[in-house]
Structure formats: C-alpha cells, structure tokens
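Engineer: I'd like to ask you about the structure that follows.
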Amino acid sequence: MTTSLSDVRPIGEQLRAWRQRRRLSQLELASEADVSTRHLSFVETGRSAPSRDMVLRLADHLEVPLRDRNLLLVSAGYAPVYTETSMEEPRMDAVRGALRQVLDGHEPYPAVVVDRFWNLIDANAAAGLFMEGAPEKLLEPPLNVLRLSMHPDGMARNIVNLGEWRAHMIDRVRRHVALTADASLTALYRELRDYPHAGPVPEVFAQPTGNEVFVPLRIRLDGQELSFFSTIATFGTPVDITVAELAIESFYPADPATSEFLRERAGW
C-alpha cells in the first residue's frame, strides 16, 4: 500500500483494500469501528465522503501503518497528521538515547536497531560478530541485516542451520509484506527468496515437533558453534512514522557455551 503522497487512489478503494487484506467483512469492520454497515459501504464505493475522524478510526481498527494513514487522509482531502522525523533531528534525542541505553545494556550479547526494511540504524559492539568476514558490498550503507544474513557471501556461509533459518526469515518477511503491501519490501522478499543456496533448503518453515521452544540461529565462528534466539521490541505509543518503524532485535545465547564465548570475547 505504501506509495507517495502525490500518487493516491480514492479513499474508498484504499479502505476496501485494507479491509480485504485484514480478511474482514464490511459487517465485521463496521461492528468493530462502531459505524453502520450502510455508511461503510457508501464510503468504500465513493457515495459518501468520510470525516477525518472516521478515516482515523477505520485506519486504527484496520491496523494501518502510520505512513499509510497519512495517505488515507490525503486521499480523503485532509492534511497528514503523522510526522516523519529524521533520526538526526534534536527532537529525536530521547529516542536515540533510549535506543543506545538498550543496546549498551544488552552487552555482551548482540543487539541491533533496524527500520521497516531491516536496514541497520544502530548496533552494539557485540553485533560485530555477525559482520565478520562479510564483503564490503554487504556492509556499505544502508546495511540491510537480512541481506547480510542470507546472501551467499555474507553470514549464510557460517550459518549451520541455513535451511531452517532461511525458511524462517523468508516467511517472516512474507508476513510483513502481507501486512503492509509495501512494494520495496516485496522486492526485498523476492531478492532474498531467489538467492542461490547449496543443498536442500525448505521453501516453508518446518512445523515444530513439540521439542522446540524457538527457532535458533546457529553460526560457526572461530571454530566454535554458537546458538542464539532473539526477541523484538518496538516503541509502545509512537505517533511519529520514523519511531513507529523502528525495531530492536536482541539476541540471547541459547546455551551456556555461547554465553561463555561471548563473555570471554568481551573480556567479561
């Protein structure tokens, strides 16, 4: 759905597309948003013009990303309400400080901050182990952590369970594409999916057997196999597009040997 403010479709078409993407009927959305089904139908077909509050209410129930809520407002004849602030702006000092505190506090374990395309915004020192041995072409800004991890010349060379991890990550991107319909994200998904790989690699993430609690990332570094799992954190109440699209991925050791290796590596 993401496009430029100068290239927007009628508000009714966009709302219908978002509703269908969320697999909601008009009745279900109308009930959730506390509007009449008749009025919602008229809005979608262009017979009625929604108020500004109605656009925002429907967008909220449809979980439309802030970037696309601005597009909905513009197409309905209203001004955008969500700002998009550069990370370098003074007003983002608190955000940068919070991110740095989280990254530093996660040492000696790796942590990264990425944007909506998984481009690297910031990282702690421990995350450097994921970049060791990667060619310069994969490390040039904007460094994309998914491209780095799955490119044949990047981390993929050192990932022990590449087939499992690749299928898991590609499925993760596919789900983001389904939620956002973003053209650039779709292009990234296709690029990652089409990377050449050696050996059998599943095209879909294998169903759990009942013994797992997470999908590990297992890499070989300095002759030792390391195992990680990760968590993802976002800002809870963002009203700025940049902040809403930030994510912190924190990696944790999945076994004592990995924890000991990282602590020794950091001199702890």
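The values are calculated or read from the model by the stated rules, or taken from the named source; none is laboratory data. Worth saying up front: this structure is predicted, and the values here are computed from it rather than measured. Don't worry about glycine lacking a Cβ; one is built from the backbone with ideal geometry, like all the others, and counts go over all protein chains shown.
Engineer: Within segment 146-168, track down each residue that is buried (at least 19 other Cβ atoms within 10 Å of the Cβ), free of Cβ contacts under 8 Å to residues at least 40 places away in the same chain and in a helix (DSSP H, G or I).
Structural biologist: Correct list: LEU148, SER149, LEU162, ARG166.
Engineer: If you don't mind, another one. Answer with yes or no whether ASP255 is at pLDDT 95 or above and more than 25 Å from the chain's Cα centre (by Cα).
Structural biologist: So ASP255 fits the description; yes.
Engineer: Moving on to the next point. Is it the case that GLU84 is surrounded by fewer than 19 Cβ atoms within 10 Å (Cβ to Cβ) and out of contact with any Pro (no Cβ under 8 Å at 6 or more places or on another chain)?
Structural biologist: Yes, satisfied.
Engineer: Additional query: Out of curiosity, is ALA134 assigned by TED's automatic domain parsing to the domain that holds SER230, farther than 23 Å from THR231 by Cβ, of a type in the set (A, V, I, L, M, F, W, C) and in a loop (DSSP other than H, G, I, E, B)? Please lay out each step first, then the result.
Structural biologist: On the way: assigned by TED's automatic domain parsing to the domain that holds SER230: yes; farther than 23 Å from THR231 by Cβ: yes; of a type in the set (A, V, I, L, M, F, W, C): yes; in a loop (DSSP other than H, G, I, E, B): yes.
Considered against the rule, which asks whether it is assigned by TED's automatic domain parsing to the domain that holds SER230, farther than 23 Å from THR231 by Cβ, of a type in the set (A, V, I, L, M, F, W, C) and in a loop (DSSP other than H, G, I, E, B), ALA134 comes out as yes.
Engineer: Show me the helices (runs of 4 or more DSSP H) found entirely inside segment 30-121 where at least 2 residues are closer than 26 Å to LEU188 by Cβ and at pLDDT 95 or above.
Structural biologist: Correct list: 66-75, 93-105.
Engineer: So, one more: Can you list residue pairs whose Cβ atoms sit under 7 Å apart, with the first residue in segment 108-123 being over 9 Å from VAL145 (Cα atoms) and the second being among the aliphatic types (A, V, I, L, M) and assigned to a loop (DSSP other than H, G, I, E, B)? Count only pairs 6 or more apart in sequence or on different chains.
Structural biologist: That search, which allows pairs on different chains as well, returns PRO108/ALA266; VAL113/LEU246; ASP115/LEU246; ILE121/MET87; ILE121/LEU246.
Engineer: Taking the criterion of being among the aliphatic types (A, V, I, L, M), closer than 30 Å to PRO142 by Cβ and touching a helix residue (DSSP H, G or I) at 6+ places or on another chain (Cβ under 9 Å), would at least one residue in segment 42-63 satisfy it?
Structural biologist: Yes, because at least one residue in segment 42-63 is among the aliphatic types (A, V, I, L, M), closer than 30 Å to PRO142 by Cβ and touching a helix residue (DSSP H, G or I) at 6+ places or on another chain (Cβ under 9 Å).
Engineer: If the requirement is being closer than 30 Å to GLN20 by Cβ, of a type outside the set (Phe, Trp, Tyr) and surrounded by 19 or more Cβ atoms within 10 Å (Cβ to Cβ), which of these qualifies: ASP115, ASP171, ASP194, ASP182?
Structural biologist: Only one candidate qualifies: ASP182.
Engineer: Pairs please, first residue from segment 58-81 and at positive phi, second anywhere and of a type in the set (A, V, I, L, M), Cβ atoms under 9 Å, 6+ apart in sequence or on different chains.
Structural biologist: Going by the 9 Å Cβ cut-off, the qualifying pairs are GLU63/LEU179; GLY77/ILE11; GLY77/ALA49.
Engineer: Another question about this same structure. Which residue pairs have Cβ atoms closer than 6 Å, lie 6 or more positions apart in sequence or on different chains, and pair a first residue in segment 229-249 that is in contact (Cβ under 8 Å) with a residue 40 or more places away in the chain with a second residue that is hydroxyl-bearing (Ser, Thr, Tyr) and outside any helix (DSSP H, G or I)?
Structural biologist: ASP240/THR83; ASP240/THR85; ILE241/TYR82; THR242/THR85; ALA247/THR234; GLU249/SER230
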